[in-house]
1. Filter the stretch 140-149 down to the residues that are part of a loop (DSSP other than H, G, I, E, B) and closer than 19 Å to MET106 by Cβ, then identify the one that is modelled with the lowest pLDDT.
2. Just name the residue that is farthest from LEU271 (Cα to Cα) out of those in the stretch 186-202 that are out of contact with any helix residue (DSSP H, G or I) (no Cβ under 7 Å at 6 or more places or on another chain) and in a helix (DSSP H, G or I).
3. Does the stretch 254-276 contain any residue that is modelled with pLDDT under 90 and under 30 Å from ILE72 (Cα atoms)?
4. Any residue in the stretch 36-57 that is within 23 Å of the chain's Cα centre (by Cα) and not in a loop (DSSP other than H, G, I, E, B)?
5. Filter the stretch 261-284 down to the residues that are buried (at least 19 other Cβ atoms within 10 Å of the Cβ) and either in a helix (DSSP H, G or I) or of a type in the set (Gly, Ala, Ser) (or both) and list them by number.
6. Testing ALA11 on (1) surrounded by fewer than 18 Cβ atoms within 10 Å (Cβ to Cβ); (2) small (Gly, Ala, Ser); (3) assigned to a helix (DSSP H, G or I); (4) within 28 Å of the chain's Cα centre (by Cα), one condition comes back false. Which one is that?
7. Do the conditions hold for ASP206, that is, is it in a helix (DSSP H, G or I) and more than 30 Å from LEU110 (Cα to Cα)?
8. What are the residues in the stretch 214-248 that are basic (Lys, Arg) and in contact with a Phe, Trp or Tyr (Cβ under 7 Å, 6 or more places away or on another chain), if any?
Amino acid sequence: MADRRLRIFHAVAKQGSFTRAAESLFMSQPAVTFQIRQLEERYQIRLFERGHGHISLTAAGKVVMDFAERIIGLSDEMETRLAEMTDEMRGYLQIGASTVVAEALMPSILGEFNALFPQARLRLVVANSESIESRVAAHTLDIGLIDGQVGEPSGLDAEFCGEDELVVICAPDYPLAKSRSLTAKQLRDYEYIAREPGSGTRRSIDEYFSSAGVSPDQLKRQMELGNLESLKGVVATGLGYAITSARCIEQEVQLGRLVGIPLKPGLTRRLSVILPKDRFRSRLVSTFAEFVKQKIRGMTS
C-alpha cells in the first residue's frame, strides 16, 4: 500500500543510480525519472543532487529516505500479516538467483515448493551475483541465491548452504581436452572465455588465479560473456576454454559437445541464501528460505 513513487524513490536512493533502479524495478529510466520529478514537485523540494554521472541525497532526501524505509517496511508487514490471517501460505515471492544457481538448482526447487504451497506465486529473476545482491539490499527482491562471497558493504544476511565445484571446460578437440587436471599456470597460455565482471563465478576464478600467483590480467582473455548458455556455446566452437560449474555442463558432456577437466588444486565456491538485514520477513519468505537451504544442502552434499 505504500505510495509507488515512494518505493521508486527508495530504489533510486538505495541503488545510487536512476539506471540501476530502473533495472531493479523493471521500468524504463525515463519512467523512473518522471516519478521522482513528480515526488519533488509534490513537496516543492529537491531530493537528489545530480551531476557528473552520479547522484546523492540532499538533506531533504535523507529525511524522506528515513521515513520511506519505515513506511515501506510497515506497509509490507501489514499486508503480510493480514494475508497470514487466512492461515494459508499465499502471496507473491520475488526470488533472485545467480545464473549458475538458476540453471543447476532452481527448476526442481521451485517445482517442489510450488507443489507444497500452490497458493504461493513465485517469480524468479536471473542475473549475476552482484546484481542479485544489489536488488535484495534495495528490497526489490525478497530473497536471493548466489554463488561466491557477498560483497562489502552489503546490508545483507547471508547463510552458507552448500558448495559448487568449478571445472575447466573446452571442446573435445581443443588442445587441453585430454588433460586429467590443470593448474592455473598451465591455463595462462591458452585462450580464455570469461564471465562478465560482477559474476560470482568470475570473482571466484579471479581469486583462484591470484592465489596461485597468476594475475587475472595475464590471462589470454578472448571475450567476456554474461550468459551461461552463450559461454558454453562459444567454448563448444573451440575458440578457447572457460571455467564454470560442473553441474551446468552435465548434459553437454553426455552429448560429447564439451569436456570437463578438474582444476589442481580443486576450486569450489560457496552457495549462499541472502536476505535483507533488519527487515520484517513474512512466513512465506521464512518458509521458502528454510526450504531452499535444506534442498541445496541435500543436492550439494
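The values are calculated or read from the model by the stated rules, or taken from the named source; none is laboratory data. These numbers come from a predicted model, not from an experiment. Positions of Cβ are backbone-derived with ideal geometry, glycine not excepted, and every protein chain shown enters the neighbour counts.
1. Start the filter on the stretch 140-149 by keeping residues that are part of a loop (DSSP other than H, G, I, E, B), which leaves 140-142, 148-149.
Then drop every residue that is not closer than 19 Å to MET106 by Cβ, which leaves 140-142, 148.
Numbers: THR140: 84, LEU141: 89, ASP142: 90, GLY148: 73.
Here the residue is GLY148.
2. Here is the first cut: in the stretch 186-202, the residues out of contact with any helix residue (DSSP H, G or I) (no Cβ under 7 Å at 6 or more places or on another chain) are 186-187, 189-192, 197, 202.
If we keep only those that are in a helix (DSSP H, G or I) too, we end up with 186-187, 202.
Working: GLN186: 27, LEU187: 25, ARG202: 14 Å.
It comes out as GLN186.
3. Filtering the stretch 254-276 down to residues modelled with pLDDT under 90 leaves 269-270, 276.
After this cut, where a residue has to be under 30 Å from ILE72 (Cα atoms) as well, the list is 276.
Yes: the stretch 254-276 contains one or more residues that are modelled with pLDDT under 90 and under 30 Å from ILE72 (Cα atoms).
4. From the stretch 36-57, those within 23 Å of the chain's Cα centre (by Cα) are none; that's our starting set.
No: the stretch 36-57 contains no residue that is within 23 Å of the chain's Cα centre (by Cα) and not in a loop (DSSP other than H, G, I, E, B).
5. SER272, SER282, LEU284
6. (1)
7. Details: in a helix (DSSP H, G or I): yes; more than 30 Å from LEU110 (Cα to Cα): yes.
It is true that ASP206 is in a helix (DSSP H, G or I) and more than 30 Å from LEU110 (Cα to Cα).
8. Residues of the stretch 214-248 that are basic (Lys, Arg), as a first pass: 220-221, 232, 247.
Matches in the stretch 214-248: LYS220, ARG221.
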